[in-house]
Structure formats: C-alpha cells, structure tokens
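Here is the structure we will look at, set down as structure tokens.
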Amino acid sequence: MNARTPSTKSLRSRLTFTHALVAFVAVIIVAVLIGAVTRLAFNRLTDRRIQNEADAAAELIAAIYQRRDSWDGAEVVLRRRLAQAGPNDLIKRRRLQVFDAAGDMVFDNAGPVLQRRQPKPRNGLESPIEVDGQTVGTVVMGGQIGEFTQAEADFLRLVRWSTVIGCVLAGLLALMVGRVIAGRLTRPLRSLQDAAQRLSSGARHEPLSLPPDRELADLASSFNVMAAELERQQLLRRQQVADIAHELRTPLSVLRLQIESIEDGIEQPGPATFQSLAEEVGLLTRLVDDLRLLSLAEAGQLTLMTETVDVGAAIERVVNTALPRARQQHVELRAEPLRAPLQALADPQRLTQILGNLVENALRYTPAGGSVTMRAYAEDRLALAANRRVPNGKSAGQLATVVFEVVDTGAGIPAAELPHIFERFYRADKARARETGGSGLGLAIVQRLVEIQGGRIWVSSAPGRGTTFHMALPSPTLASSAGVWYDGPQVGG
C-alpha cells in the first residue's frame, strides 16, 4: 500500500522546482547586473558624446562671438541657426544653453530667454567658450528635450526587452533540464521503493541494477546486500524453527511412546524405563535452557560477574571434569604446561561453561585413539579493537589478551563449512545430528558468551588433521611476550 498522503509532494517535483528556481534567480541576478552595467556604460558613453558636442558647440559659438566681438545680437544669430538646423543638427539634438562670462544666460534652445540671471543646470556638461585665449562664456549641454535621443532610447529598450526574453527562455530551459535531471535521480529511487514493497510483501528480491551515479550505485548495492542478508536471515529463521521443532519432537515422541506403552501394559515401569524417561527429560531441559541462555545473551540481558580469573586453574578444572568422558571414548585429554601465571577478565562460571562446551565439542568429533589438547598463552599485540566494549570500565589500550586454544585430532572441518560453525543448530556432519547428543546450540552460545565479555572467538581447521578453536579474552595485566607459558601442573588422562 502506498502511504503517501495527498499533501505530500514528490521528490521529482521538488527537485525540478528547486533546480528551476535556482537557475531562474541566477538568471535574474545576472540580467539585473548586465542591465546596470549596460546602463552605466551607456551613460558614460553618452556623457562623453555630450561633452564632445558641448566642445563643438563652444567652438561654433566662439566663432559667432569673434565675428561680433560681443554677445550683442548673438541670440538672434543662434535663433536663426536653430530655425535653419535639421533634426540631427548639433544645435537641436540636446538642450543647449549659453552663458556669458558674468554668468548671465545668452541663449537657450528650449525657448526665448526671459530671465538672463539664472543658475546653470546641475545635470549639464560645461565647455568654455574661448576667444583669443580668453574665456568669454560657457556652453552648458544636458540631456533635456528628451533625456536621450530617439536612437539611444531605442537601444536601451532593445537591451531591456532582450534581457526579459532571455530570462524567460533561460527559466523555461532550466525547468526542462531540471525535470530531466530530477527524473534521472528519482528513477533509481522508484526502483528501490518498488523493491522494498516487493520485499515487504514476501516476494523474492531480484538484485537491482547499479545506476551510473556513484552515490545511487552505492545505495543500490547496499540495498542488494541488505535484501540478500534479510533473505538469508529469513531462511535461517525458518531452518531454526524447523530444527527446534525437530529437536523437541524427538524426545517428546520417545516420552509419549514410553508413557503409552506403560499405560497399555505393554511395558512394565522399572529402573531402566525411568532412566530412559529421565534422559529424554534432561535432553528437553538442556535444549530449553540453551535456547533461553542464547536469547538472553543476544538481547544483552545476561548478568555477568566479571573478575580476575586464574587461567591455569580454570583449564585444570575443565580438564578434570571432562576426563571421565575422554577415558570412556578412549581419547587423550591433556592441558599443556604454562611457564608463567596468566589471568583473564571474565565471569568464572561462564568461562568454565565456554571451555567446557569447546572441550565437549572436541571430544564429540574426535575418534578413539585421538587426542584433545588445551593450552593458553598471552599475546603481545592487543586483540581487542579500540571500539569494542571492555568489562570493568577498562580501555582496550590497558588490556593484554589471553588466548585459549582447544585442539583436537578429529576429521577436521571443510573450508566451506567454517563460516557457519557458530550458527544455531548448524552441524558440519549432518549424519551425526543426534547420535552425538548435541543440540546444535553449543558453539552459538560460546560465541555470544565470549563476545559479551569483550573477547573474540574463531576456528581454524585442516580436513583430516583436526580442528583448533581459538578464544581471546582481555587480561588485567600486560603480557610479557607472546608464547609465555604457565608453569602449572600438567593435567592429563
């Protein structure tokens, strides 16, 4: 279902409008600047032209003054000249005023001079009238009688309309280009939206093609990875539910059959029957406890009592507990001697549980005549990343790393199986699912218990030569050197 409300605007419309608006504003700013600069340059050019015309008029009037040797009758001569002048003649093109040396007006082409004593116009350009090296008057030429000539006004009008039309065309072009660019950007997003809707409906995800743009390609690639991981997790959850149902069904079926046999009188209750029932109940209890422990660990609700633990004593305790089973399977179980005391920051109970699970797993897959070895040593390098959570408020830079190893001489694990070893209910040997007695949760629990104590766990294996589980936990003291061994008693079978 599309949850978009009627008031919601599409991203494409927003991008198109934004692109067009930015382009249009930029065009308007440029147009205003061009108009202002054009007007300023035109005014300067016009001023130079008026000044040149004023200088030419001053030369003409100086000749008239020189012939008459005074301003007497000069107005009459200039009026006659004005009447005879054509439309493009200098004396008619602009407002022209003539003042004598005393500042009295002699001539004004705008009309007869009614008052000789009047101030000179402020917006006019002056040019002195010189005769025989003396200034006898001043010509003042301005922009009145139409501030500009017709040709000048037409030119400015053409520039103005060209700017307006250019702005409109640029705005339309920006709108079209913005729509194309917005469509190109939103097309992959629509593909992501459709893929997300298909994914939410439970349909199988088809990998998205990568757009040419790097950021959108990274987004599509991340979405493909996310969809693939979600699909894998969904399949894993289905498999886990099926595995849990299988693990619960088998002991429940045995219990039901035995109880029905007792009820029908086919089998008489006795010690062997009660022992078999107790074993199935114990299997169910262990499976439920393992599932609860794993869920608490993954939810971060598992309470830990972290303290300094003697590594040698912890290994000795685990080996002594597992020795009876190892002897029963005719497998040699031993702990290698260490030369220096080692300490780890861990919950003692959980550390015993972790090492016990690893030893139990090694014994389960080691044939008779084989061996299982436990050892521990301190690493020189810090195995904890700086951003990893560390117990007791210590930083990773204050911690060394103690590495525990459980080595067996079993059949080994194929390389393709190693990445899945710590998944729930995963067994590398499917044929030995129940015969070995494991629930498939032991290694998943081990991994979570190690990680919540600030450590890490990994596995290495060579098919036909055995498997080694490595576990690193923080230590409260700096390690002296890698491979320093604890000189404790050797525990073996």
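The values are calculated or read from the model by the stated rules, or taken from the named source; none is laboratory data. Since the model is a prediction, treat every value here as computed from it, not as a measurement. Here the Cβ positions follow ideal geometry from the backbone for every residue, glycine too, while neighbour counts run over all protein chains shown.
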Inset, instruction - Could you tell me whether any residue of the stretch 419-435 is assigned to a loop (DSSP other than H, G, I, E, B), within 25 Å of Leu473 (Cβ to Cβ), at pLDDT 70 or above and among the acidic types (Asp, Glu)? - result: yes
Inset, instruction - For Arg93, work out the one condition from (1) surrounded by 14 or more Cβ atoms within 10 Å (Cβ to Cβ); (2) modelled with pLDDT of 80 or more; (3) touching a Ser or Thr at 6+ places or on another chain (Cβ under 7 Å) it doesn't fulfil. - result: (2)
Legend entry - Neighbours by Cβ (under 6 Å, 6+ apart or cross-chain): first from the stretch 305-325, in a helix (DSSP H, G or I) and surrounded by fewer than 15 Cβ atoms within 10 Å (Cβ to Cβ); second of a type in the set (Gly, Ala, Ser) and at pLDDT 90 or above: none
Inset, instruction - Filter the stretch 19-33 down to the residues that are in contact (Cβ under 8 Å) with a residue 12 or more places away in the chain and under 15 Å from Val168 (Cβ atoms), then identify the one that is surrounded by the most Cβ atoms within 10 Å (Cβ to Cβ). - result: Ala20
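Would you mind finding the one in Leu216, Leu235, Leu210 that is assigned to a helix (DSSP H, G or I), of a type in the set (A, V, I, L, M), modelled with pLDDT under 80 and surrounded by 12 or more Cβ atoms within 10 Å (Cβ to Cβ)?
Numbers: Leu235 fails: surrounded by 12 or more Cβ atoms within 10 Å (Cβ to Cβ); Leu210 fails: assigned to a helix (DSSP H, G or I).
From the options Leu216, Leu235, Leu210, the qualifying one is Leu216.
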Inset, instruction - Residue by residue through the stretch 184-207, note down the ones that are among the hydroxyl-bearing types (Ser, Thr, Tyr) and surrounded by 13 or more Cβ atoms within 10 Å (Cβ to Cβ). - result: Thr186, Ser191
Inset, instruction - Run Leu277 past the list (1) over 30 Å from Thr401 (Cα atoms); (2) surrounded by 15 or more Cβ atoms within 10 Å (Cβ to Cβ); (3) among the hydrophobic types (A, V, I, L, M, F, W, C); (4) touching a residue at least 24 places away in the same chain (Cβ under 8 Å) and report the number of the one that doesn't hold. - result: (4)
Legend entry - In the stretch 8-55, the residues that are at pLDDT below 75 and charged (D, E, K, R): Lys9, Arg12, Arg14
Legend entry - Gly146 vs. criteria small (Gly, Ala, Ser) and modelled with pLDDT under 80: yes
Inset, instruction - Tell me, yes or no, whether the stretch 128-144 has at least one residue that is part of a helix (DSSP H, G or I) and either among the small types (Gly, Ala, Ser) or under 37 Å from the mean Cα position of the chain (by Cα) (or both). - result: no
Legend entry - Residue list for the stretch 443-484, restricted to those being polar (S, T, N, Q) and modelled with pLDDT of 85 or more: Gln447, Gln453, Ser460, Ser461, Thr467, Thr468, Ser475
Inset, instruction - Collect the residues in the stretch 329-364 that are surrounded by fewer than 22 Cβ atoms within 10 Å (Cβ to Cβ) and over 26 Å from Pro474 (Cβ atoms), keeping them in residue-number order. - result: Gln329, His330, Glu332, Arg334, Leu363, Arg364
